[in-house]
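The values are calculated or read from the model by the stated rules, or taken from the named source; none is laboratory data. Computed from a prediction, not measured in an experiment: that's the story for all the values here. We place every Cβ from the backbone using ideal geometry, glycine too, and count neighbours over all the protein chains shown.
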Ligand code: SAH
């Protein structure tokens, strides 16, 4: 029987989403929780309608203003690495973008503090997540390289734009008790995805894999 598909282009069908999940599992994403959230989250609502037929491909997609929504594999990998030591209460996300990563984190953590520096993206993501009944995220238009100090410490910090070096403020806003920071580090082009864990004043760093992110930029764009 044919899949029921209200948009007529296959993007919402069960089979299309299952194919993506199978692919992520084959690429080494083990967390059933993470795979299940990705299966349930309507990625086609986070990109321009003209691109929605590609929403369940494992590919990065443009979201306007020169920014991109990461490929599902990277979203899954970062989420899985963030959660690997157990459940997290307070998470800071730097680079709200479309809000897709926020939506993926939403059922997995208690509270998300998400910052974005481009005003129209910030406004759209906020609205989109409200429409999707996601209520455990708080948004701020600001330069996330500074973190969000009044809300710190964070059990986890996830950064989805790449700085040349890890901002000191983010390290300082990590919980001293096993705080976890996932961040792409390096110049324009290819970067290393780092997982940094904090125990007191000791920061342990490991490189997870090579990634490509847009740069982390200073200041706000209105
Ligand atoms: N995670 C997003 C995609 C990230 S694209 C999603 O799921 O859609 C990277 C985002 O980081 C862009 O929206 C970009 O504007 C934002 N960004 C870059 N530098 C930033 C900074 N210093 N503070 C906050 N956001 C920043």
Open item on the list: Being more than 9 Å from the ligand (Cβ to nearest atom), surrounded by 20 or more Cβ atoms within 10 Å (Cβ to Cβ), outside any helix (DSSP H, G or I) and modelled with pLDDT of 95 or more is true for just one of 63, 112. Which residue is that?
Closed with: 112
Open item on the list: I need every pair where a residue in segment 99-112 that is touching a residue at least 12 places away in the same chain (Cβ under 8 Å) and farther than 14 Å from residue 132 by Cα has its Cβ under 8 Å from the Cβ of a residue that is near the ligand (Cβ under 8 Å from one of its atoms) and not in a helix (DSSP H, G or I), sequence separation at least 6 or different chains.
Closed with: 112/93
TODO: Considering each of 37, 32 in turn, give the residue that is closer than 20 Å to residue 78 by Cα, surrounded by 17 or more Cβ atoms within 10 Å (Cβ to Cβ) and at pLDDT 95 or above.
DONE: 37
Task: Positions within segment 174-196 being surrounded by fewer than 16 Cβ atoms within 10 Å (Cβ to Cβ) and either free of Cβ contacts under 8 Å to residues at least 12 places away in the same chain or under 17 Å from residue 91 (Cβ atoms) (or both), in sequence order - done: 176, 177, 178
Open item on the list: Suppose we keep only residues that are touching a residue at least 24 places away in the same chain (Cβ under 8 Å) and farther than 20 Å from residue 96 by Cα within segment 202-220. Which one would you say is surrounded by the fewest Cβ atoms within 10 Å (Cβ to Cβ)?
Closed with: 209
TODO: Within segment 132-147, track down each residue that is assigned to a strand (DSSP E or B) and more than 10 Å from the ligand (Cβ to nearest atom).
DONE: 137, 138, 139
Task: Residue in segment 66-99 that is nearest to the chain's Cα centre (by Cα), counting only those that are surrounded by fewer than 21 Cβ atoms within 10 Å (Cβ to Cβ), more than 20 Å from residue 167 (Cβ to Cβ) and within 10 Å of the ligand (Cβ to nearest atom) - done: 74
TODO: Output the residues belonging to segment 124-152 that are over 14 Å from residue 102 (Cα atoms) and surrounded by 13 or more Cβ atoms within 10 Å (Cβ to Cβ).
DONE: 141, 142, 143, 144, 145, 146, 147, 148, 151, 152
Open item on the list: Going by what's in this entry, would residue 156 be described as buried (at least 17 other Cβ atoms within 10 Å of the Cβ), away from the ligand (no atom under 13 Å from the Cβ) and within 28 Å of residue 127 (Cβ to Cβ)?
Closed with: yes
